[in-house]
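What follows is a set of notes on a single structure, which appears directly below.
The values are calculated or read from the model by the stated rules, or taken from the named source; none is laboratory data. For clarity, every value in this text was computed on a predicted model and none was experimentally measured. Cβ placement follows ideal geometry from the backbone for every residue including glycine, while neighbour counts extend to all protein chains displayed.
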Amino acid sequence: MELLIRGGTLVDPSQGLHGQYDLLIRDGVVVKVAESLAPSGEKVLEAAGKTILPGLVDLHTHLREPGFEEKETVESACRAAATGGFTSITAMPNTDPVMDDGRTVEYVRLLSCRAGGVRVWPVGAVSKGLAGRELAEIGLMYRSGIRAVTDDGRGVSCARLLKNALLYCRQFELPLFEHCEEEALAAGGQVHDGVAALRLGLPGLPASAETVMLARDLLLAAETGGRVHIMHLSTARAVEMIRQAKAEGVRVTAEVTPHHLLLTEDAVLGFNTYAKVKPPLRTAADMQALRQGLLDGAIDAIATDHAPHTEAEKAGDFLSSPFGIAGLETAFPLLYTYLVRTGVIPLDLLVGKMSRTPAAILGIPHGSLAPGFAADLVLIDTEQELTIDRRRFLSRGKNSPFHGWQVTGLPVLTMVSGKVVWMS
Amino acid sequence: MVEETWFGVLAEYMARQQAGLGEEVAIMTYDDVEYSERFDYNDNSKQQAPGKETKRVDGRHFLGTYGLSADEIDSLLNLAEYYCRVNNDSASLPLEVLRGKMLANLFFEPSTRTRLSFARAAVNLGGEVVELESKMSSLVKGESVLDTALTLQAMGVDALVVRHAAAGVPAFLAHSLSIPIINAGDGAHEHPTQALLDLLTIRQEFGRLQGLTALLLGDIRHSRVARSNLYAMRTCGLRVRLAGPPTLVPEEMTRLGAELAPDVDGALREADVVYVLRIQHERQQAGMLPSLAEYRSFYGIDARRQFLLSDKAVIMHPGPINIGVELTAEVYASARSRVLRQVSNGVAVRMAVLHHLLSGPRN
């Protein structure tokens with residue numbers, strides 16, 4: 001079974017390619033990439049005018065199943081992911097039951113097989129029940145297929161537990177994904193502790209809630225030699241700290257979300273629950289520093305932190321509304337439109353941060369269209385324009401602060417192992 | 001006699017409104033603007049209010065002082081001034097302004113003076129009041145608040161006065177209801193009628209607002225009264241200084257137009273208005289204050305501090321007062337204290353706001 005994708009513009013930073021290339025795919029695997037390949041009887045996909053990217057890889061996806069199926073299911077998340085150009089997503093463990101043992105991991109993998117479509121990479125809990133006290137069965141979960149561990153939703157607040165987890169994970173080369181939020185500093189906080197919080201009279205989440213815990217994590221990563229991955233960076237100071245830690249050889253990687261790259265604390269004015277997220281949207285200076293961090297390599301990857309919630313939950317008043325933004329379907333078009341088109345970052349950099357580097361962090365053989373890699377790819381239309389309409393999301397979570405934004409760079413076809421999983 | 005004055009003031013008032021805001025006699029608050037710009041109104045709300053979808057949130061509500069113009073505040077104060085005089089002549093009450101209209105007091109947090117003040121205002125204007133006091137906790141889900149509000153609306157209540165411990169609840173209700181919502185205090189967000197009654201008290205005292213210096217003293221961080229006053233005072237040309245324990249006076253308040261006054265005694269000397277805020281015992285448990293005794297010693301207004309004030313300076317407090325903490329009994333009873341004047345002005349200001357939102361044909 002052969003397929004030739006012809007005439008498109010390939011952007012694949014893993015091979016340093018950006019130009020017109022044809023791809024030959026055999027049995028779901030890329031076998032040849034060349035400037036011009038003549039068809040010889042196989043199926044041909046004409047991609048003229050389209051941009052071909054390695055399928056996007058999301059390091060941070062809340063699938064909500066099992067336990068919170070009203071917010072999202074593995075299947076609805078997979079469909080949303082395919083629409084957004086993602087071919088690999090993660091499954092965060094803050095489900096009910098918590099994904100803290102091998103059985104739950106196996107169950108989520110089973111659900112993802114049934115859903116078909118995109119690849120789902122489970123991320124196990126660090127601690128049993130996310131309670132932050134005892135280590136979860138990390139080894140057994142590793143055997144069942146986890147690619148990282150995290151207590152996301154909260155940080156690992158006990159320094160001793162974190163140290164042990166970092167040491168323990170070394171034998172599996174598993175990264176520990178950390179949600180940096182010092183709980184006493186963050187207690188009761190709703191939005192960034194800045195002018196918008198004062199205006200709205202809402203308790204603030206200070207920048208120090210992130211940096212205080214980050215400092216501890218970096219010290220422990222250095223001491224143990226463990227791999228720590230810092231999720232959803234939100235402050236300028238944190239970017240600087242990671243830059244410095246990397247220079248010192250600490251095994252740290254970091255991600256940033258599209259919303260932290262595009263929005264500031266002002267987005268919550270008017271008690272806009274759709275912009276209520278943790279960590280909170282911060283100042284314009286923080287946003288600039290995050291963009292700079294992407295450019296200079298302090299930040300390795302862009303991750304959605306796709307956190308779907310029901311309309312009823314987000315339609316409540318601000319304090320009772322949950323934290324989170326649904327981001328799978330808007331991530332690439334938003335970043336393409338507002339960071340690449342505006343000249344803030346080059347397209348190759350964006351693609352790399354959304355494919356090859358996140359794949360490397362997870363240790364999965366994807367995020368590249370070099371010969372030998374699975375044909376996980378996405379075709380992008382850089383001409384067509386769309387107004388984001390959250391009501392039309394395939395995700396069950398319609399909670400997006402980007403409703404009404406004009407975008408281009410829309411995925412039109414998503415392929416996993418050479419099989420089309422979504423087409424507009 | 002009363003009737004003549006009444007029409008005179010009203011005519012002048014309406015003329016101002018016509019000049020400033022065109023046909024629609026309505027106050028647009030900042031929150032309204034943000035909602036209409038930032039939010040998508042889903043189809044459900046359109047079904048609830050047929051024919052109104054083009055103006056889902058206009059100037060129907062009174063949610064905050066942020067974004068009110070000096071003219072808007074001025075016309076409300078003028079009307080309130082008029083009602084102050086009317087209220088002194090109890091024979092002229094009740095008026096006919098709200099005849100046949102019903103106000104609901106929907107309080108999810110305990111309150112005596114604000115609730116009674118709104119009730120009195122409605123009755124003085126010839127309207128009726130229904131009281132709902134919820135025993136529900138402050139953490140009550142938004143949905144049940146909305147449900148209660150929708151039920152009241154369905155019963156034909158003409159306006160809701162809402163108090164809630166959570167910031168944003170009145171704005172949230174305003175988003176879903178078609179009757180006017182009046183914010184009677186939401187968390188640490190706003191308490192706009194309190195600010196107006198405070199400005200009225202100050203204006204009566206000094207004959208002007210422009211150029212005066214107000215010192216807000218105490219727990220600024222958790223105070224909706226401080227915020228509403230800050231915005232309204234700045235709009236009306238007052239200089240606003242803040243003093244209190246650093247844990248309770250966020251520095252970034254300066255970005256909202258306030259100045260910090262680290263030297264309390266110095267600031268007291270320069271103030272025309274000393275606005276003392278209530279300090280809550282819980283701040284001690286939250287680790288923000290060592291003790292109320294220490295607070296009293298550093299920030300309480302006692303006879304010694306009162307002596308620092310300039311001759312004309314007045315002392316105000318939104319109530320309820322912790323006598324002996326923020327103010328000594330002596331200061332509270334002194335000639336400088338305007339606390340009771342604030343309370344009586346509260347009724348007049350709320351009459352003005354109700355009049356503004358409810359008089360005349362709607363829909």
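Enumerate the helices (runs of 4 or more DSSP H) found wholly within segment A:209-319, keeping only those where 1 or more residues are within 14 Å of chain B (Cβ to nearest Cβ). Steps first, answer last, please.
Values: elements: A:236-247, A:258-262, A:284-296, A:311-314.
Of the helices (runs of 4 or more DSSP H) lying wholly inside segment A:209-319, those with at least 1 residues that are within 14 Å of chain B (Cβ to nearest Cβ) span A:284-296, A:311-314.
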By residue number, the members of segment A:1-21 that are touching a Lys or Arg at 6+ places or on another chain (Cβ under 9 Å) and assigned to a loop (DSSP other than H, G, I, E, B) are A:Met1, A:Gly7, A:Gly8, A:Pro13, A:Ser14
Is one or more of the residues making up segment B:169-177 among the β-branched types (Val, Ile, Thr) and either touching a residue at least 24 places away in the same chain (Cβ under 8 Å) or in a loop (DSSP other than H, G, I, E, B) (or both)?
-> yes
Of the criteria (1) touching a residue at least 12 places away in the same chain (Cβ under 8 Å); (2) assigned to a helix (DSSP H, G or I), which one B:Thr254 fails = (1)
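Provide a single number: the residues in segment B:233-248 that are out of contact with any Lys or Arg (no Cβ under 7 Å at 6 or more places or on another chain) and within 14 Å of chain A (Cβ to nearest Cβ).
Of the residues in segment B:233-248, the ones out of contact with any Lys or Arg (no Cβ under 7 Å at 6 or more places or on another chain) are B:233-239, B:241-247.
Filter once more, keeping what is within 14 Å of chain A (Cβ to nearest Cβ): B:234, B:242, B:247.
Looking only at that region, the number is 3.
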Mind listing just one residue for me: the one in segment A:368-392 that is within 14 Å of chain B (Cβ to nearest Cβ) and assigned to a loop (DSSP other than H, G, I, E, B) and, of those, surrounded by the fewest Cβ atoms within 10 Å (Cβ to Cβ)?
-> A:Asp389
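Whether any residue in segment B:71-87 is within 14 Å of chain A (Cβ to nearest Cβ) and over 21 Å from B:Pro318 (Cα atoms) is what I want to check. Steps first, please.
Of all residues in segment B:71-87, those within 14 Å of chain A (Cβ to nearest Cβ) come to none.
Checked segment B:71-87: no residue is within 14 Å of chain A (Cβ to nearest Cβ) and over 21 Å from B:Pro318 (Cα atoms).
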For B:Thr201, the lone unmet condition from (1) in the same structural domain as B:Leu268 (by TED's automatic domain parsing); (2) in a strand (DSSP E or B) is (2)
Only one of A:Gly188, A:Gly155 is part of a loop (DSSP other than H, G, I, E, B) and free of Cβ contacts under 8 Å to residues at least 24 places away in the same chain, namely A:Gly188
Identity of the residue in segment A:192-208, touching a residue at least 60 places away in the same chain (Cβ under 8 Å), in a helix (DSSP H, G or I) and within 9 Å of chain B (Cβ to nearest Cβ), that ends up surrounded by the fewest Cβ atoms within 10 Å (Cβ to Cβ) | A:Val195
A:Cys158: passes all of (1) surrounded by fewer than 17 Cβ atoms within 10 Å (Cβ to Cβ); (2) over 25 Å from A:Gly102 (Cβ atoms) but (2)
Tell me, yes or no, whether segment A:168-191 has at least one residue that is over 30 Å from B:Ala232 (Cβ atoms), of a type in the set (S, T, N, Q), under 22 Å from the mean Cα position of the chain (by Cα) and away from chain B (no Cβ under 14 Å).
-> no
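Whether any residue in segment B:274-285 is surrounded by fewer than 17 Cβ atoms within 10 Å (Cβ to Cβ), on the phi < 0 side of the Ramachandran plot and assigned to a loop (DSSP other than H, G, I, E, B) is what I want to check. Steps first, please.
First pass over segment B:274-285, keeping only residues surrounded by fewer than 17 Cβ atoms within 10 Å (Cβ to Cβ): B:281-282, B:284-285.
Filter again for on the phi < 0 side of the Ramachandran plot, leaving B:281-282, B:284-285.
With assigned to a loop (DSSP other than H, G, I, E, B) added as a condition, the list becomes B:281.
Within segment B:274-285, one or more residues are surrounded by fewer than 17 Cβ atoms within 10 Å (Cβ to Cβ), on the phi < 0 side of the Ramachandran plot and assigned to a loop (DSSP other than H, G, I, E, B).
Taking A:Ile52, is it outside any loop (DSSP other than H, G, I, E, B) and either without any contact (Cβ under 8 Å) to a residue 24 or more places away in the chain or in contact with a Leu (Cβ under 7 Å, 6 or more places away or on another chain) (or both)?
Criteria met by A:Ile52.
Residues A:Ser355, A:Ser400, A:Ser395: which one is under 16 Å from the mean Cα position of the chain (by Cα) and within 14 Å of another protein chain (Cβ to nearest Cβ)?
Values: A:Ser355 fails: within 14 Å of another protein chain (Cβ to nearest Cβ); A:Ser395 fails: within 14 Å of another protein chain (Cβ to nearest Cβ).
Residue meeting the stated conditions: A:Ser400.
Name the one entry in B:Gln194, B:Gln210, B:Gln204, B:Gln153 that is buried (at least 17 other Cβ atoms within 10 Å of the Cβ), under 30 Å from B:Gly300 (Cα atoms) and in contact (Cβ under 8 Å) with a residue 12 or more places away in the chain.
Only one candidate passes the filter, namely B:Gln194.
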